[in-house]
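Working notes for the structure below.
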Amino acid sequence: ERSEAATERRLLAAIASDSGPAPRRAAGDPPAPIAALIEALLRYAAGEPVDFSDVPVDLAGIDPFRRAIYDAARKLGFGDTTTYGGLAAAAGHAGLARETGQALGRNPVPVVIPCHRIVAAGGKLGGFSAPGGATTKERLLAMEGVRVGPPPPAQVSFGF
């Protein structure tokens, strides 16, 4: 979000919608696993290749299809991409590219479940439901050294 207060409001609203009124907690140091994740996210934002595949994610209540899609996405490493159709096939659901895109649109933890690494067929970026949309997706991929889209004009002139 654009500010710490906006982030806190969004998180408290999400907690409230999942489990009734949001618990109030005094500001302070986060628990050790959360502090480690924050540190990893900061390293990632600085451009360091970070593997989030071992970060525990509670997927209770997530249907088996979405769980399979998320598990397959978590196997993509820093700078690796696949298409929605490719991810569907890797998850054991070949032919369900559209449904895979819908599942990724409901990803509860973008970056940790790296849905930004799934692109549309034909070299297109595809959608991204996290704040900032496709612009954020493109920036995350650029941080990982991935360029999506048509080749630069200089390459086009050489027939690439």
Original post:
Stretch VAL148-GLU4 to full length: gain in nm at 0.36 nm per residue minus the Cα-Cα span?
Top reply: 48.8 nm
**OP:** Give the shape of the range 42-82 as rounded, prolate or oblate, defined through the alpha-carbon gyration tensor: a ≥ b ≥ c are the square roots of its eigenvalues, a/c under 1.5 means rounded, and otherwise the shape is prolate if a/b is larger than b/c and oblate if not.
**Re:** oblate
Original post:
What percent does the relative contact order of the range 64-144 come to when contacts are Cα pairs within less than 8 Å and at least six residues apart?
Top reply: 29
Subject >> Rh (Kirkwood; distinct C-alpha pairs) - the range 64-144, Å >> reply: 12.2
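The numbers here are math on the coordinates, done by the rules we state, and not lab data. Everything numeric in this text was worked out from a predicted model, so none of it was measured.
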